[in-house]
1. So, in the range 64-77, of the ones that are more than 28 Å from ALA24 (Cβ to Cβ) and either free of Cβ contacts under 8 Å to residues at least 24 places away in the same chain or small (Gly, Ala, Ser) (or both), which residue ends up surrounded by the most Cβ atoms within 10 Å (Cβ to Cβ)?
2. If we keep just the residues of the range 128-142 that are outside any strand (DSSP E or B) and not hydroxyl-bearing (Ser, Thr, Tyr), which is surrounded by the most Cβ atoms within 10 Å (Cβ to Cβ)?
3. Checking the structure you have, find out if any residue of the range 119-128 is within 17 Å of VAL158 (Cβ to Cβ), at pLDDT 90 or above, of a type in the set (D, E, K, R) and out of contact with any His (no Cβ under 7 Å at 6 or more places or on another chain).
4. For ILE145, are the conditions met, namely being assigned to a strand (DSSP E or B), touching a residue at least 12 places away in the same chain (Cβ under 8 Å), exposed (fewer than 15 other Cβ atoms within 10 Å of the Cβ) and not small (Gly, Ala, Ser)?
5. Please verify whether SER125 is of a type in the set (S, T, N, Q), surrounded by fewer than 13 Cβ atoms within 10 Å (Cβ to Cβ) and without any contact (Cβ under 8 Å) to a residue 60 or more places away in the chain, treating the condition exactly as stated.
6. On the basis of being at pLDDT 95 or above and touching a helix residue (DSSP H, G or I) at 6+ places or on another chain (Cβ under 9 Å), does ALA62 make the cut?
7. Among all residue pairs at least 6 apart or on different chains, which show Cβ distances below 9 Å where the first residue, located in the range 51-63, is more than 9 Å from ILE155 (Cβ to Cβ) and the second is surrounded by 24 or more Cβ atoms within 10 Å (Cβ to Cβ) and among the basic types (Lys, Arg)?
8. Filter the range 148-171 for residues that are of a type in the set (D, E, K, R) and part of a loop (DSSP other than H, G, I, E, B); which is surrounded by the most Cβ atoms within 10 Å (Cβ to Cβ)?
Amino acid sequence: MTPIHKIAAAAVTALSLGTATQAADIVEIASSDDRFSTLVAAVSAAGLVETLQGPGPFTVYAPVNDAFAALPEGTVETLLEPENKGQLTDVLLYHVDDRKLTAEMIPNGSNYFKPVLASERLCISKGADGVSIADGTGETANVIIANIEADNGVIHVVDKVLLPGTRPACH
């Protein structure tokens, strides 16, 4: 078992100990879906589990495992090292908005949105083809599943890890 999968398994086990009568928060939903095991491991390593289990509201643009696998070789492992916790936290918070934004609430066209990582912006575009998100690298992620409801917000599943950098062009 790889270190990433060990961390993910521990996080899932720890997060699954809640009572069955509680509504599912963002972390519980992600932990119960194997497509997010790398994200769950990263959230745990960054110490953000408690934050994302908080009252919110949050919108999380959640990359699937394949999105993390598409990063340059060694990137995920490097980010998971304790000395890189700050950088990992920045990357993860770039995926979080402190409002509940369903796909229906995103206006048509292209608009800047401010993630929790305060100094950065995302360009979210909505049109006939769906919702896409341009990040600080100028690359675009596609929302492949929208509006997974949680008791503290909403999750939109994306096919790319969003990375901070320069403000994306948003026309």
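The values are calculated or read from the model by the stated rules, or taken from the named source; none is laboratory data. Source: prediction; values computed, not measured. Cβ coordinates were reconstructed from backbone atoms using ideal geometry, including for glycine residues, and neighbour counts include every protein chain displayed.
1. THR75
2. ASP135
3. yes
4. Values: assigned to a strand (DSSP E or B): yes; touching a residue at least 12 places away in the same chain (Cβ under 8 Å): yes; exposed (fewer than 15 other Cβ atoms within 10 Å of the Cβ): yes; not small (Gly, Ala, Ser): yes.
Spelling it out, ILE145 is indeed assigned to a strand (DSSP E or B), touching a residue at least 12 places away in the same chain (Cβ under 8 Å), exposed (fewer than 15 other Cβ atoms within 10 Å of the Cβ) and not small (Gly, Ala, Ser).
5. Details: of a type in the set (S, T, N, Q): yes; surrounded by fewer than 13 Cβ atoms within 10 Å (Cβ to Cβ): no; without any contact (Cβ under 8 Å) to a residue 60 or more places away in the chain: yes.
When the stated conditions are applied, SER125 does not pass them.
6. Working: at pLDDT 95 or above: yes; touching a helix residue (DSSP H, G or I) at 6+ places or on another chain (Cβ under 9 Å): yes.
Taking the combined requirement at face value, the residue satisfies it.
7. Correct list of pairs: empty, since none qualify.
8. Step by step, filter the range 148-171, then rank; the result is LYS160.
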